[in-house]
Every structure is written in C-alpha cells, then in structure tokens.
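Asks: Here it is: the structure, laid out below.
Values quoted throughout were computed directly from the atomic coordinates according to the rules given, and no laboratory measurement underlies them. What you see is a predicted model; the values in this text were computed from it and never measured. With ideal geometry, Cβ positions are generated from the backbone for all residues, glycine too; neighbour counts draw on all protein chains shown.
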C-alpha cells in the first residue's frame with residue numbers, strides 16, 4: 001500500500017511540472033501585458049520601466065526559472081493588475097467557488113445516481129427512456145444556455161431568484177443548478193452503464209440464487225460494485241467544478257475562481273492565470289491521488305497490488 | 001408413499017423476442033422425476049436448453065423468457081404456482097444452484113465469510129457473527145484448509161478450484177433438499193475436477209440431498225449419476241437409469257453421443273462425431289428435431305413428431321424406433 005502511494009505521488013509531481021511549463025508558455029502567446037498596463041501613448045522609458053518591474057525584460061527561460069524558483073517556495077507571484085499576491089486573491093475567491101461546487105456536486109449526485117440506478121433496473125422501459133432524454137439534454141445543453149434560460153424564467157418572469165451576485169443561499173441556487181446540470185447527466189449515464197454491467201454479472205445471478213430480495217441484490221451487491229467508477233468521476237468532477245466554472249460564474253457574476261481566471265486572461269495578468277491553473281492542476285492531481293487511495297480502500301484487489 | 005423430491009410435468013419455457021414474432025422453445029414439454037439421494041445428469045449440446053431448464057427450476061429466468069406451461073413439484077408443492085415472494089424462500093434454502101464460472105460467481109467486494117454466511121442470514125435470520133461461525137464450518141465441509149483465516153479473505157486471493165468449493169459451500173449453506181450444479185467443473189483442471197466431484201458426492205451422502213448435474217461430459221454422468229436425461233432442441237429425448245440408457249440407448253442421438261466418447265481400447269484414427277448442426281431453435285422443422293442428423297431416419301420422422309415411448313421400465317424415449325414398446 002505504501003509503495004503504491006509513493007509511486008502515484010511520483011507520477012503526480014511529473015504531471016505538475018509539465019503543466020507549469022505548458023501554462024507558462026501558452027499564456028505568453030496571448031500578447032504583451034505591458035500595453036494593457038501602461039497608458040496609451042506612454043513613452044519607451046515608461047514601458048521599459050513596467051517591463052523591468054514585472055521582470056518581463058528578461059529572457060523567457062530566466063522568467064521560467066524565476067517563476068519555478070518562487071513556486072517551489074510556495075510563492076505564486078503578484079498580480080500585475082491588482083498588485084496583490086496571487087495566493088491571497090485566490091484564497092479570497094476560493095470559499096465562493098467551494099460553496100458553488102459543493103452545492104452543484106450534491107445536486108448532481110442526488111439527481112444523477114438514483115436516476116442512473118432506476119434507468120439500469122428498468123432498462124428498456126419508461127424510466128430508462130426518460131433517463132436517456134435527461135442525459136441527452138444534460139450533456140448537450142451548454143451551461144450558459146441553461147443559466148440564461150433559468151435567469152429568464154426564475155428571475156425575469158417569476159421573480160423568485162436573484163439573477164446575479166452573491167450573498168444569500170438564494171443567489172447560489174441557479175448557478176449551482178446550471179453548473180451541476182451537466183455533471184448530473186454525466187453521473188447518471190455512468191451509474192446506469194456501470195449498474196447494467198454489474199447486473200449482468202454471475203455474482204448478481206448467484207446473489208439472486210441465494211434467495212435475497214431484489215432490493216438487497218441491487219443495493220448491496222450491485223450498487224457497491226457499480227459505485228467504483230462513479231466515485232472516480234465525482235472526485236475529478238468536484239475539482240473540475242471549482243476550476244471550470246468560468247462560464248457559469250461569468251453568467252451569474254458569481255465571484256469565484258472561474259471569474260478570477262476570466263479576468264486574468266482578459267488583462268493578460270500572467271501571474272494570476274499561472275497561479276489559478278497551477279493550483280487547479282495541483283487539486284486535480286491531488287484528488288486523483290486520493291481517488292486512487294479510496295479505490296484501494298473500497299476494492300481489496302487494488303489494495304494488494306504491488 | 002411420499003411425493004418425489006422433484007417432479008417436472010410437461011414443463012415449457014419459451015424465449016419471446018421483443019416484437020413477439022420469434023419464439024424459441026428453449027425448454028419444451030419436459031417431464032422428469034427424481035427422489036432424494038438421486039443424482040440426475042442432464043446432458044446435451046450447447047443450446048439444447050439444459051441451463052434454461054436449471055434456471056426455470058429456480059425461476060430466475062432472463063426477462064425475455066417465460067414459463068409457458070407445466071408444473072414443477074418440489075416435494076409435492078408446485079413451484080410454478082408460487083408467488084415471487086414464496087419462490088424467494090425456496091432459492092438458496094430448498095433448492096440451491098452452483099454456477100459454472102467460479103471466477104465470476106463471487107462478489108469481489110465482500111469477504112468469503114460474508115458471502116458464505118449470506119444465505120443463512122437471509123433464510124434463518126442468523127446474526128453476522130453466527131453466520132461467520134457457520135461459514136467456517138462450511139468451508140471445512142468443502143475441505144478448504146485453514147478456514148478460520150480464509151473467511152476473512154476476498155475472492156481474488158483464492159485459486160479457481162478454491163473459489164468453486166466456496167461456491168459449493170454457499171450452495172449447501174442452508175442444507176437444501178436439491179442442489180443443481182451447472183457444469184461445475186468445466187473451468188477446473190482435471191485433478192481438481194476429480195476432487196470436486198468426489199466432494200460433491202460426499203456432500204450428497206452427508207446431507208442426503210438430491211443432485212442435478214448439468215454437463216456435456218458423459219464421463220461425469222457415468223461416475224456420478226444414477227439417472228440420466230438427454231436433451232436435444234429443448235426436449236428430453238431420452239431419460240432413464242444410467243445403467244439402462246448406457247447399455248441400451250433407445251434414441252439414436254443418445255447412441256451417437258455414447259459412440260462419440262473416445263475409448264482407450266480402440267484404435268481409431270479419427271474421433272467420431274455427429275454429422276450436421278443442431279437445428280435453429282426458432283424455426284424447428286416438422287417432425288422429429290433430430291431427423292436431419294439421424295442415421296436411422298425414415299419417412300415418418302420427417303412428418304410426425306414422436307411422442308414419449310417407454311422402451312423399458314423407467315426409461316423414456318421420444319423416437320419412432322421405440323414405438324410399440326409403450
């Protein structure tokens with residue numbers, strides 16, 4: 001088990017190194033930030049001063065070495081635009097994103113898993129078709145459209161919910177639904193296919209032959225086995241929700257990390273973009289690691305793998 | 001006189017396609033009788049309906065299959081007439097079944113103790129602790145060494161032969177009256193097969209149960225069974241005591257099956273096989289289903305389906321050649 005974790009940890013570090021290099025290079029393809037950081041018509045000397053201040057005058061590999069050097073010390077640099085440490089900015093936005101992601105995840109699991117089980121148990125019948133329609137809509141309607149439709153319906157026509165901003169639980173409902181919508185469909189589809197595969201197995205046949213009730217066969221024998229891939233997906237999706245809620249957060253003006261990233265790209269605020277991506281990437285890597293360990297706890301076959 | 005352990009009367013199970021246009025008579029008009037301590041071998045080619053017959057007896061058929069007629073009397077009680085809830089109390093308790101793939105029959109996420117003890121908890125309301133204690137005894141009964149430590153282990157830690165014994169232990173856990181073994185040795189190697197067959201025979205004697213062997217191995221039938229039923233295209237074409245059927249098969253199909261066993265005492269260049277293919281089960285020909293492959297076929301076979309004849313006491317055959325012996 002210890003060896004298993006150590007090896008996974010090594011892979012994780014390697015992925016993060018590659019990620020840092022990639023984002024560092026790609027964000028520099030968006031253009032020169034000094035043109036946005038100086039007044040129009042600024043003198044050569046002013047521009048050079050700004051470049052020097054942010055270290056943009058140095059060769060790119062020196063910039064990367066400097067970036068990695070402070071990253072190892074835990075320093076993500078300072079935002080060009082806000083002039084405050086990126087970590088501070090990130091942490092100030094994180095609670096909002098976590099709240100949004102938690103509610104969206106809860107919603108996607110509460111809706112996705114039972115409908116997935118229902119569709120698998122009633123395969124080929126009404127509930128299965130209803131589930132398929134739901135999955136199709138969930139996976140194909142983009143979240144900005146769902147968000148805009150909800151604003152139209154619940155804020156404009158019914159005037160039940162605030163259309164944007166944050167502060168109360170009511171503000172959270174629509175963005176969480178818009179964000180969780182896609183994931184609910186994804187969780188439903190995976191639960192369904194995973195359940196179907198398990199329900200066709202010999203050990204489910206044997207469980208029935210033991211004279212167990214159908215409920216017990218499904219809940220105890222099938223569901224636990226079917227849950228393994230769903231746990232993986234949900235873990236990864238949780239992180240995706242925090243880091244990929246850019247569109248939903250922009251539509252609902254929700255002050256989370258997604259919007260921070262959106263702003264960072266708009267202002268060519270390299271440290272912010274790098275910081276958000278590196279932290280997001282680290283989370284994904286850490287969660288993958290945790291999911292692997294969790295797997296090993298659920299499934300004894302992985303536990304003993306050398 | 002008490003009722004026989006199991007009596008099937010004109011039992012039929014058909015698969016119906018979703019559109020209802022194709023009907024496969026997987027089990028058709030099957031009648032069989034066996035008593036406690038009997039061992040019945042059911043043999044036939046793949047697709048002859050052996051496994052469907054077993055699933056029918058426990059009523060755990062796939063959704064497309066229906067029992068369309070007949071009776072299944074277990075100690076005089078008709079299982080076809082039982083509700084699903086009543087039937088659930090029969091499964092694992094009065095009739096148990098051993099599936100053919102030991103590698104896939106155990107749930108990978110539960111310990112051996114939990115899985116072996118589960119029928120006891122379901123049918124006898126045993127606590128988890130007492131079910132585990134009994135599970136240790138059952139593992140001992142199926143000759144698994146160090147059962148005390150084995151109960152805490154998981155299926156992936158066991159070999160195929162050991163898993164098959166565990167499946168056997170699950171089968172006998174509630175001391176059923178009838179144990180159905182569906183090709184229980186196909187995935188085991190020969191020495192383990194022999195051990196497992198001996199184990200099943202000992203269990204049968206110790207627990208006094210009726211045993212049904214579903215197999216295509218006539219050697220196993222000869223070694224284990226006192227009764228034999230030969231299935232072809234969903235029907236029992238011949239049945240009777242093993243000694244009678246082996247010595248004087250009344251149906252040409254049985255004779256051909258027996259003839260196809262290679263013998264050490266003969267010098268033969270080629271193995272003898274039965275020519276042709278089993279018929280399409282959804283479009284059976286008129287007359288006898290075996291007619292197209294039968295070496296002794298005559299006109300009547302292609303026109304009329306043979307009824308059940310009784311060539312000798314206890315022996316039945318669905319063949320026109322046996323006519324007049326009724």
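Asks: Please build a GNM for chain A, connecting alpha carbons under 10 Å apart, and tell me which residue among A:185, A:49, A:222 fluctuates the most.
Replies: Maximum among the listed residues: A:49.
Asks: Dimensions of the range B:240-281 along principal axes (Cα, Å, largest first)?
Replies: Cα spread of the range B:240-281 along its principal axes, largest to smallest: 35, 28, 11 Å.
Asks: Summarise the partner chain shielding of B:86-94 as one whole number: the mean count of Cβ atoms from other chains within 10 Å of each residue's Cβ. Don't skip to the answer; put the middle values down first.
Replies: Numbers: counts 0, 1, 6, 1, 1, 5, 7, 2, 1.
Mean number of neighbouring Cβ atoms from other chains: 3.
Asks: Moving to a separate point now. For residue A:130 and residue A:155, compute 0.36 nm times the residue count separating them, minus their Cα-Cα distance, and round to one decimal in nm. Write down the numbers at each step before the final one.
Replies: Details: separation 25, 0.36 × 25 = 9.00 nm, distance 2.76 nm.
Taking 0.36 nm per residue and subtracting the Cα distance, the gain is 6.2 nm.
Asks: Further question on the same structure: Between residue B:202 and residue B:46, what is 0.36 nm times their sequence separation minus the Cα-Cα distance? Round to one decimal in nm.
Replies: Details: separation 156, 0.36 × 156 = 56.16 nm, distance 2.84 nm.
Full-extension gain reported as 53.3 nm.
Asks: Quantify how much of the Cα-Cα distance distribution of the range A:51-149 extends past 21 Å, in percent. Write down the numbers at each step before the final one.
Replies: Values: 2976 of 4851 pairs.
Considering the range A:51-149, 61 percent of its Cα-Cα pairs are separated by more than 21 Å.
Asks: Can you give the log10 of the normalised intensity I(q)/I(0) at q = 0.13, 0.14 Å⁻¹, computed with Debye over equal Cα scatterers of the range A:94-266?
Replies: -0.68, -0.76
Asks: With 5 Å bins from zero, work out the P(r) of the range A:60-106 over every alpha carbon pair and list the percent per bin.
Replies: Computed distribution, short to long bins: 5, 18, 17, 18, 15, 11, 10, 4, 1.
Asks: I'd like the orientation of helix A:223-243 relative to chain A: the angle between its Cα long axis and the longest Cα principal axis, in ° from 0 to 90, rounded to 10.
Replies: 20
Asks: How large is the convex hull of the Cα atoms of chain B per residue, expressed in Å³ as a whole number?
Replies: Details: hull volume 50.8 nm³, N = 326.
Per residue, the Cα convex hull of chain B comes to 156 Å³.
Asks: So if I take the centroid of the Cα atoms in the range A:17-42 and the same for the range B:95-163, what is the distance between those two points in Å?
Replies: 63
Asks: Mind giving me the FRET efficiency for residue A:169 and residue B:128? R0 is 41 Å, r the Cβ-Cβ distance, nearest 0.05 is fine. Mind dumping the intermediate values first?
Replies: Numbers: r = 42 Å, r/R0 = 1.03.
Computed FRET efficiency for residue A:169 and residue B:128 comes out at 0.45.
Asks: Over the alpha carbons of the protein assembly as shown, what is the largest minus smallest coordinate on each principal axis, giving the biggest first in Å?
Replies: 118, 57, 56
Asks: Would you mind getting the Kirkwood hydrodynamic radius of the range B:144-216 from its Cα pairs, rounded to one decimal in Å? If you can, show how the numbers build up before the last one.
Replies: Working: mean 1/r = 0.0769 Å⁻¹.
The answer is 13.0 Å.
Asks: Normalise the Debye intensity by I(0) for the range B:137-184, one equal point scatterer per Cα, no solvent, then take log10 at q = 0.24 Å⁻¹ and round to two decimals.
Replies: For the range B:137-184, the Cα-only Debye profile gives -0.92.
Asks: Right, next: Express the Stokes-Einstein translational diffusion coefficient of chain A in µm² s⁻¹, to the nearest whole number, given a Kirkwood radius over alpha-carbon pairs, 37 °C and a viscosity of 0.692 mPa s.
Replies: On the way: Rh = 22.2 Å.
Calculated translational D: 148 µm²/s.
Asks: Then there is this: Which three numbers, in whole Å and largest first, are the semi-axes of the equivalent ellipsoid of the range B:117-253 derived from its Cα gyration tensor as √(5λ)? List each step's numbers first, then the result.
Replies: Details: eigenvalues 212, 54, 30 Å².
Over the Cα atoms of the range B:117-253, the ellipsoid semi-axes are 33, 16, 12 Å.
Asks: I want to verify a result. In a Gaussian network model of chain B, Cα cutoff 10 Å, which of these has the top mean-square fluctuation: B:44, B:287, B:70?
Replies: B:287
Asks: Right, here's the next one. Can you show me the helix-derived [θ] at 222 nm for chain B, built from DSSP H runs with n ≥ 4 at -39,500 (n - 2.57) apiece and divided by the number of residues, rounded to the nearest 500.
Replies: Working: 12 runs with 106 residues, N = 326.
My calculation for chain B gives -9000 deg cm²/dmol from helical runs alone.
Asks: Mind checking which of A:72, A:204, A:239 has the largest fluctuation in a GNM of chain A, springs on alpha carbons under 10 Å?
Replies: Top of the fluctuation ranking is A:72.
Asks: If you don't mind, there's one more thing I want to ask. Across the residues of B:101-110, average count of Cβ atoms on other protein chains within 10 Å? Each step should come with its number before you reach the end.
Replies: Values: counts 5, 1, 1, 6, 8, 3, 12, 8, 11, 7.
Averaged over the peptide's residues, the number is 6.
Asks: Gain in length, residue A:60 to residue A:14, computed as 0.36 nm per residue apart minus the alpha-carbon separation, to one decimal in nm?
Replies: Details: separation 46, 0.36 × 46 = 16.56 nm, distance 2.14 nm.
So the chain would gain 14.4 nm between residue A:60 and residue A:14.
Asks: Something else: Just grab the label-to-label distance for residue A:21 and residue B:265, each label 7 Å out from Cα along the Cβ direction, in nm (one decimal).
Replies: Computed distance between label sites residue A:21 and residue B:265 equals 7.7 nm.
Asks: Another one. If you find the alpha carbon centre of the range A:230-306 and of the range A:121-140, how far apart are they in angstrom?
Replies: 28
Asks: How many nm separate the modelled label positions at residue A:144 and residue B:80, each set 7 Å beyond the Cα in the direction of the Cβ?
Replies: Taking the simple label geometry, residue A:144 and residue B:80 are separated by 6.5 nm.
Asks: Roughly how tilted is helix A:270-298, in degrees to the nearest 10 and between 0 and 90, from the longest Cα axis of chain A?
Replies: Helix A:270-298 sits roughly 20 degrees off the main axis of chain A.
Asks: Could you run the Debye sum over the Cα atoms of the range A:4-84, one equal point scatterer each and no solvent, and tell me log10 of I(q)/I(0) at q = 0.20, 0.21, 0.27 Å⁻¹, two decimals?
Replies: After summing over all Cα pairs, the log10 values are -1.02, -1.09, -1.43.
Asks: Sort B:319, B:294 so that the residue with the fewest other Cβ atoms within 10 Å of its own Cβ comes first and the one with the most comes last.
Replies: B:294, B:319
Asks: Using only the alpha-carbon atoms, how far is helix B:112-124 inclined from the longest principal axis of chain B? Give it as 0 to 90 degrees, nearest 10.
Replies: Between helix and principal axis, roughly 80 degrees.
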